[in-house]
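First the structure, in the form of structure tokens, and then the observations on it.
The values are calculated or read from the model by the stated rules, or taken from the named source; none is laboratory data. Values in this document were obtained by computation on a predicted structure and should not be read as measured data. No Cβ is skipped: glycine too gets one built from the backbone with ideal geometry, and neighbour counts run over all protein chains shown.
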Amino acid sequence: MFRRQFLQLLTVAGVSSLTPLEAMKASQSVTYVVKGFSCITCATGLDTMLSRQKGVISSKSTYPEGKVTVSFDPGQISEHSIVQFITDLGFKVEG
């Protein structure tokens, strides 16, 4: 059930747009350990969903390691908001 809902959200999100160069200059990166990836689709889907969030420049998730590295503009989105978004999708952020 969870996987079906996640895939539906992923389909709605579509492909992310290109990131302006200015946003990359002011970016920060953070890496989280995320529990709940059951397949590569989870990792890829999370990257797609995160990249659609305002202020997120890029996201790179690994399966089965469960590591997610997010580059973001702290002037547009906070680390707390990123963690909350990942949690709202049904994953658990550790550390």
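Remarks
- Test: residue in region 65-75 that is closer than 17 Å to residue 26 by Cβ, buried (at least 16 other Cβ atoms within 10 Å of the Cβ), among the acidic types (Asp, Glu) and touching a residue at least 12 places away in the same chain (Cβ under 8 Å): yes
- Within region 17-39, if we keep just the residues that are loosely packed, with under 14 Cβ neighbours inside 10 Å and at pLDDT 95 or above, the residue that is farthest from residue 91 (Cα to Cα) turns out to be 28.
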